[in-house]
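What follows is one structure encoded as structure tokens, with my remarks underneath.
The values are calculated or read from the model by the stated rules, or taken from the named source; none is laboratory data. What you are looking at is a predicted structure, and each value in this text was computed from that prediction instead of being measured. Backbone-built Cβ (ideal geometry, glycine too); neighbour counts: all protein chains shown. To get the accessible areas, we keep the full protein, side chains included, count just its heavy atoms, and leave off ligands, DNA and RNA. Shrake-Rupley method; radii C 1.70, N 1.55, O 1.52, S 1.80 Å.
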Amino acid sequence: MNRVLVVIITFLSISIYAQNDEQTLKNIYKQSLTNGQSYAWLDYLSNTIGGRLSGSQNAALAVEYTKNELEKLGLDKVWLQPVMVPKWVRGTKEMAYFETELGVKKVNICALGGSVATPNGGTKAKVLEVATFEDLAGLGEAKVKGKIVFINRALQADLINTFEAYGGCSSERYSGASVAAKYGAVGTIVRSLSSRQDDYPHTGSMGYGDLPVSQRIPSAAISTNDAVALSEALKDNPNLEFYFEQSCQQFDDVLSHNVIGEITGSDFPNEYMIVGGHLDSWDLGDGSHDDGAGVVQSIEVLRLLKESGIKPKRSIRVVLFMNEENGLRGGRKYAEVAAEKEENHIFALESDSGGFTPRGFSFDCSKGNLAQIEQWRSLFKPYLIHFFEKGYSGADIGPLKNDNIVLAGLRPDSQRYFDHHHAANDTFDAVNKRELELGAATMTSLVYLFDKYGVNQVKNIPQIKD
Ligand SMILES: [Zn+2]
């Protein structure tokens, strides 16, 4: 064959390839939007089961339900992976108020996950308001001792990516109590990590580090409205007293499970690609956005592949991780077992940023792999998916990181996520069916492309016009 002919044939086959991909993505989106199952699964998980805190009966019900649903899909394998998880229980609803000259003002608080209870009869003390750990260090033990430390740090409103704003305040929530206790504080009240002014307190994990059990102090989140009210009241009367009561408790670890389903690859069964979200949630709402959405979207990826007649060359697993919220035990266990079995994981995708309109993905991978992914960008343009960036992937898949794997996170629009995150209003009605389905189709499309072309094979990828 002469060179010109080779070039023409190569060009034609590349164009057909690209056209096939366009058509396949179109089918996947159509299936998800016209015949999707993700919303119905989320309805059950949220409304019939509800919040799924690790170690709870609801978490066990969610394991059983999703295992059954995976079995109905006719996958090649479905199994449970045992993992020991922490069990923390909130107990009776928390109560809090502060006293002003006008009387008692009740406020909305919730215990932070992992916190100890208040002593019998609650905790009542004067309040010291700070914004950062530096403020606290500046005040020192003389000013802090015997007080409740009120950490009033608002999410930075001008950060467009709200995850960045959240990340900027999360160490105050996680470590506030352990730092304040070292200066002799008797409790901490942390402003909720929410982008909105409302009455919902937002929980989340906290830890005491190396602080001895006897020195641990109770820690709670206060709603953003009440944080503002408390701050104002302190300006009028710096000596006002704050009272709070919570009866949460930490129990011994209990047995739970990751739920896993697999379509075994036809050509490279020993190359594994995983897609997942976390099955556990906080207990205040029903965990629809965090992370019921990611769970049902991940199951939907395998259903959509089957439904679209795609027979993967590589083994594709859905992994529903247990205990992301207060321990990450499921993510660690999955990576540990994969390493023991010397399984070659080439790709992992997590959806754990809410069920909102998908915008794209962020990738934790080599430059070469990112160049490969960039070539697929135009395939996603008809679906308004344009955000492809190097960055963070997801907590549960993080332990799989090595030099070869491509880790990816679905990136939905983040503007409303922290209105609901870890609060009582993280509920099914806050999830839009179409947005959820678009996310599932977007994930399936990326999995399809990685399965078809593999990783580290940039030269075999058709160039797609912009
Ligand atoms: Zn989550």
(request) Quick one: count up the residues across segment 247-268 that are out of contact with any Phe, Trp or Tyr (no Cβ under 9 Å at 6 or more places or on another chain) and outside any strand (DSSP E or B). (result) 4
(message) Show the residue pairs meeting these rules: Cβ distance below 8 Å; 6+ apart or different chains; first residue within segment 188-204 and of a type in the set (A, V, I, L, M, F, W, C); second residue open to solvent by 20 Å² or more (accessible area, probe 1.4 Å) and in a loop (DSSP other than H, G, I, E, B).
(response) Leu193/Leu155
(message) Condition first: touching a helix residue (DSSP H, G or I) at 6+ places or on another chain (Cβ under 7 Å) and surrounded by 15 or more Cβ atoms within 10 Å (Cβ to Cβ). Now tell me which residues in segment 381-396 satisfy that.
(response) Tyr383, Ile385, Phe388, Ala395, Asp396
(request) Name the residue, out of Ser214, Ser171, that is of a type outside the set (A, V, I, L, M) and over 20 Å from the mean Cα position of the chain (by Cα). (result) Ser214
(message) Pull out all pairs, ordered by first then second residue, where Cβ-Cβ is under 6 Å, the residues are six or more apart or on different chains, the first lies in segment 305-328 and is part of a loop (DSSP other than H, G, I, E, B), and the second is within 16 Å of the ligand (Cβ to nearest atom) and open to solvent by 30 Å² or more (accessible area, probe 1.4 Å).
(response) Asn323/Arg329
(request) From the list Val254, Val318, Val259, Val275, pick out the single residue that is at pLDDT 95 or above and either within 14 Å of the chain's Cα centre (by Cα) or within 12 Å of the ligand (Cβ to nearest atom) (or both). (result) Val275
(request) Starting from segment 271-284, keep only residues that are farther than 16 Å from Val63 by Cβ, then list their pairs with residues that are assigned to a loop (DSSP other than H, G, I, E, B) and of a type in the set (Asp, Glu) whose Cβ atoms are within a distance under 8 Å, requiring at least 6 positions of separation or different chains. (result) Tyr272/Glu343; Trp282/Glu325; Trp282/Asp426; Leu284/Asp426
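The rows are residues; the columns are (1) touching a Ser or Thr at 6+ places or on another chain (Cβ under 7 Å); (2) open to solvent by less than 10 Å² (accessible area, probe 1.4 Å).
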position: Gln297; (1), (2): yes, yes
position: Lys306; (1), (2): no, no
position: Asn323; (1), (2): yes, yes
position: Gly327; (1), (2): yes, no
position: Lys333; (1), (2): no, no
position: Phe347; (1), (2): no, yes
position: Arg359; (1), (2): no, no
position: Ser362; (1), (2): yes, yes
position: Arg377; (1), (2): no, no
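One line per residue, one yes/no per condition, for (1) in a helix (DSSP H, G or I); (2) without any contact (Cβ under 8 Å) to a residue 12 or more places away in the chain:
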position: Ala338; (1), (2): yes, no
position: Glu342; (1), (2): no, yes
position: Ser353; (1), (2): no, no
position: Arg359; (1), (2): no, no
position: Asn369; (1), (2): yes, no
(request) Examine segment 100-112 for a residue that is open to solvent by 50 Å² or more (accessible area, probe 1.4 Å), closer than 30 Å to Arg332 by Cβ and in contact with a strand residue (DSSP E or B) (Cβ under 9 Å, 6 or more places away or on another chain), and state whether such a residue exists. (result) no
